[in-house]
Each structure stands twice: as structure tokens, then as C-alpha cells.
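Step one of this worksheet: look at the structure below.
The values are calculated or read from the model by the stated rules, or taken from the named source; none is laboratory data. Quick caveat: nothing in here was measured; it's all calculated off a predicted structure. Cβ atoms come from the backbone with ideal geometry, glycine included; neighbour counts cover every protein chain shown.
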Amino acid sequence: MDLRTELLREHSARQTEMLTDYACLRRTHFAELLELFFHGTPREKQLAADVLAMASTQRAAWLLPHLEELLAAAQPTAGHHPAVRRAVAKALQFIAVPEEWQALAFDTCLGMLASPAEPVAIRTYALSAATRLALPYPELAAELLAVTEKALATTDSAAMRSRAAREIQKLRAVMREVLPG
């Protein structure tokens, strides 16, 4: 299968699922997907992002060697389709981020969450990814809690409020363990 041709042929949920299955079948297929995601045309990057977001739930470990490029792709850049940042934020929920990349990953997620201009899906995925990164570090949990509360003040999104309710519970639990009372 030529992934580029199939990506551009049809944009549908069914096609995205089929291409996700294909990409997750072999590392060489996954490498094809990443090539399009990082180096394709703007349209190819957008479509590859949808597939990558789905594939990250199944093959997060395959993304680990590409973490630096993923974090770079998540930075707000003119001309990038929001799907690119959304795919990275979603993937960060599942990747076991090595310690040397945790600070950058956390800061990237915090930036996405704090930006009222970001689409809600990006902000909700970033919140979950940041929570996962912050749980071992109570001081980060406190920082994330403050940013989350500010983010909630800038949105009426039910999805954001629902996700925040779940994640805030986790953050407060970590803080209570350190500062009981």
C-alpha cells in the first residue's frame, strides 16, 4: 500500500482507521507515516496527524525515538494545521517520556493548555498528558492545577470541564499526599 496515496484519496473515519491499522502493523509502515507527518506537504501532515493520533494509542513505544521531533512539531508555528499539535498532545498521553524530555514535554503541554486560542481538543489532551507527567512531582502538580483553573476560566467547553474535573482530582490527591491536612 502507498500510504501517501491512500491518505490523500479519502478523508473519512473509516479510512483513518484502515490507515492506522496499516501503520501499526509494521515499523516500516509506521516510519512511512512519520515521514509524512514530519516532512509531508501541509495537507499530508494534517491527514497523517489524524492517523498518528489513533496509532499513538496502540504504538506509543514506537514514537519514543521520535520524541524530540514530536515536541518540535507541537510548538506553535505559523502554517501548521492544529491537527499536528493535537496529534502530539494525544500521543503524549501514552508515551513513557524519559526523564531528560519530561520538562520540555510538560512545558509544551502547559503552553497548549494555557492558550485560549488553542482548540479544545488540543487543550484537553494537553491537560491529560501534563497531569501524567506531573503526578510524580507534587510541585508540578500545583503549577498544573493553577494553569488548569485559569484555563477553565477561559472556556465554556463541556469536554474541557469534564476532563479537568477528572484530572484535578488526581492533582489534588498528589498534593494531599505531600501536604496532608
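Inspection of the stretch 69-84 finds a residue satisfying the criterion of being surrounded by 15 or more Cβ atoms within 10 Å (Cβ to Cβ) and in contact with a Ser or Thr (Cβ under 6 Å, 6 or more places away or on another chain). Where helices (runs of 4 or more DSSP H) fall wholly inside the stretch 64-181, the ranges with 2 or more residues that are within 27 Å of Asp50 (Cβ to Cβ) and in contact with a Phe, Trp or Tyr (Cβ under 9 Å, 6 or more places away or on another chain) are 67-73, 82-92, 99-114, 120-134. Of all residues in the stretch 125-181, those being closer than 15 Å to Met112 by Cα, touching an Asp or Glu at 6+ places or on another chain (Cβ under 8 Å) and not aliphatic (A, V, I, L, M) number 3.
Residue pairs whose Cβ atoms lie under 6 Å apart, sitting 6 or more positions apart in sequence or on different chains, and linking a residue in the stretch 1-15 that is assigned by TED's automatic domain parsing to the domain that holds Glu44 to a partner that is surrounded by 15 or more Cβ atoms within 10 Å (Cβ to Cβ) and charged (D, E, K, R), are Leu3/Glu32.
Let me spell it out: the conditions are (1) over 19 Å from the mean Cα position of the chain (by Cα); (2) within 17 Å of Gln102 (Cα to Cα), and Ala173 meets all of them except one. Which number is the exception? So Ala173 meets the others, but not (2). Is at least one residue of the stretch 11-20 among the acidic types (Asp, Glu) and assigned to a loop (DSSP other than H, G, I, E, B)? Scanning the stretch 11-20 turns up no residue that is among the acidic types (Asp, Glu) and assigned to a loop (DSSP other than H, G, I, E, B). When we screen Leu133, Leu110 for residues that are without any contact (Cβ under 8 Å) to a residue 60 or more places away in the chain, buried (at least 17 other Cβ atoms within 10 Å of the Cβ) and in contact with a Cys (Cβ under 8 Å, 6 or more places away or on another chain), the only hit is Leu133. Would you please list the contacts, defined by Cβ atoms under 9 Å and residues six or more apart or on different chains, that run from a residue in the stretch 148-170 that is assigned by TED's automatic domain parsing to the domain that holds Ala130 to a residue that is of a type in the set (Phe, Trp, Tyr)? Note: pairs meeting the criteria are Arg163/Tyr125.
Looking across the stretch 39-49 at every residue that is surrounded by fewer than 17 Cβ atoms within 10 Å (Cβ to Cβ) and either in contact (Cβ under 8 Å) with a residue 12 or more places away in the chain or hydroxyl-bearing (Ser, Thr, Tyr) (or both), the one that is farthest from Asp2 (Cα to Cα) is identified as Pro42.
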